[in-house]
1. Tell me, which helices (runs of 4 or more DSSP H) lie completely within region 61-153 with 1 or more residues that are under 17 Å from residue 515 (Cβ atoms)?
2. Got a sec? Which of 484, 470 is closer than 21 Å to residue 57 by Cβ, in contact (Cβ under 8 Å) with a residue 60 or more places away in the chain and away from the ligand (no atom under 13 Å from the Cβ)?
3. Condition (residue is free of Cβ contacts under 8 Å to residues at least 40 places away in the same chain, closer than 26 Å to residue 250 by Cβ and more than 16 Å from the ligand (Cβ to nearest atom)) applied to region 413-436: is it met by at least one residue?
4. Are any of the residues in region 367-376 closer than 25 Å to residue 257 by Cβ and modelled with pLDDT of 75 or more?
5. From the list 516, 445, 494, exactly one residue is at positive phi and either outside the structural domain of residue 65 (by TED's automatic domain parsing) or touching a residue at least 60 places away in the same chain (Cβ under 8 Å) (or both). Which is it?
6. Go through (1) more than 14 Å from the ligand (Cβ to nearest atom); (2) not in a loop (DSSP other than H, G, I, E, B) for residue 158 and report which single condition fails.
7. With the condition kept exactly as written, say whether any residue in region 460-467 is within 19 Å of residue 239 (Cα to Cα) and out of contact with any strand residue (DSSP E or B) (no Cβ under 8 Å at 6 or more places or on another chain).
8. Hey, could you check region 508-526 for residues that are buried (at least 24 other Cβ atoms within 10 Å of the Cβ) and touching a strand residue (DSSP E or B) at 6+ places or on another chain (Cβ under 6 Å) and say which is nearest to residue 472 (Cα to Cα)?
Ligand SMILES: Cc1cc2nc3c(=O)[nH]c(=O)nc-3n(C[C@H](O)[C@H](O)[C@H](O)COP(=O)(O)OP(=O)(O)OC[C@H]3O[C@@H](n4cnc5c(N)ncnc54)[C@H](O)[C@@H]3O)c2cc1C
């Protein structure tokens, strides 16, 4: 892979980029389109610095797959990446892929196919979601039909998966989890890009799309250079996860300030696309703000009430406390209401506290703590203990000391909580659940050693669901629904209104790599 790897050159490009990006972002405020003269000014062929059949913005899961696939199909490729390394959110995540009909499944004797997968998803998403997706449901069908080929393709390049693992509400074991962590897949894809002659420019944030006199997207401006795309430009620049202003505008002020897992996904891709008339869709859902523990590995999400499971930790009797050992909320609130309260605690962090009676419910499938523990997929209490995300002790004092929580405060809080459970009245926060009968914890409070403290837990924006409107050929559509010639998208930035995310953990990663693989192949064929 041709890369700008020399330190002096990278430093130069990085500094130039920062200044240019700042100027561009200032110009972009309010997302006003540039004047026609300004975009046409760049079309003089003599002014291009580099050219390729395909220019890709973003070298995460989608961009790198598209680069390899396009190059495998005979296209020359340039990739512009804002960060210093490849991977994007796709290396920070838990690495779960849902795919039906993989070679791994066949080797394990698992019978599965895309129709079964689609029928499972239709069953648990319900007609309303599928109706809302409209024609974009076809994008989800594409993922269901092509996801297995993507997993096989990645494996053939040397990417390793754990599984296939079972998945609640899915009738076959179809969860494939990158192993040992999601951070490893570039070790297989980067050499493949190099072998295929893909040019990757790191520290090169794309700033603007360049259109020709017919309105066709002809190239990209980045770091003071112009990259001509003879067949097309693919925007695979992730979401608006770290852009507080955009999240305020498109979602809500309450969640806009929550830190992003990936600071490079700053919404610049949407802005560039909007400037050439692109439509943004799927703004109705909130950003995915996972409660994340900082202990074990890159992603150790923890949700209060797994929608896939009969009950979650708090529902079974766990409580949330701050560093003083004090509760601060009804733990059964929805994530949307709970997260701002967690954010308001000292150092924006909290801990989940429970006892053995609660913990014994989270040791086996399908009652896991979280659906996306790095390298593991569904994580049990033991999976978290092994990775350092949970401390245990025979006394509250001991476990509080290990977690760095005020032991006196926690002891008196647990006494109070135990009384609330006995009386079934939470005078402080009005919580209505005090354990569950089927979990063996109803009214029991937290009194069975050993005790467990899980955390610290932080709220984090993992991805925003906004999407460019795209066709089944990954062509970006304008607000009138017409294709913008020369412009393509996939991954987190391009999935339309399809319920790819609603299909559960593993849907978005599978889409990132699948849409990249197919988009690259399609653009190469033009
Ligand atoms: C903590 C966490 C856990 C997750 N767990 C899962 C999971 O288990 N399963 C699942 O399916 N999904 C999961 N996701 C979501 C998944 O990681 C994303 O859906 C996926 O990475 C999207 O791939 P992408 O290629 O579209 O974007 P990314 O992989 O984020 O790549 C986008 C790239 O574009 C670059 N970029 C941005 N702007 C520019 C610009 N202007 N110019 C040049 N480059 C730019 C970025 O630096 C980045 O490298 C998780 C996400 C996070 C953060």
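1. Numbers: elements: 61-72, 103-107, 114-125, 127-133.
Answer list for region 61-153: 61-72, 114-125, 127-133.
2. Working: 470 fails: away from the ligand (no atom under 13 Å from the Cβ).
One residue alone meets the criteria, 484.
3. No, region 413-436 contains no residue that is free of Cβ contacts under 8 Å to residues at least 40 places away in the same chain, closer than 26 Å to residue 250 by Cβ and more than 16 Å from the ligand (Cβ to nearest atom).
4. Going residue by residue through region 367-376, those that are closer than 25 Å to residue 257 by Cβ are 370, 372.
Imposing the further condition that a residue be modelled with pLDDT of 75 or more reduces the set to none.
No.
5. Details: 516 fails: at positive phi; 494 fails: at positive phi.
When all the criteria are applied, what remains is 445.
6. Unmet condition: (2).
7. To start, the set of residues in region 460-467 that are within 19 Å of residue 239 (Cα to Cα) comprises 460-467.
Now drop any that are not out of contact with any strand residue (DSSP E or B) (no Cβ under 8 Å at 6 or more places or on another chain), which leaves none.
No, there is no match, as no residue in region 460-467 is within 19 Å of residue 239 (Cα to Cα) and out of contact with any strand residue (DSSP E or B) (no Cβ under 8 Å at 6 or more places or on another chain).
8. 519
The values are calculated or read from the model by the stated rules, or taken from the named source; none is laboratory data. Small disclaimer: the values here were computed from a predicted structure and weren't measured. Using ideal geometry, Cβ is built from the backbone for each residue, glycine included, and neighbour counts are taken over all protein chains shown.
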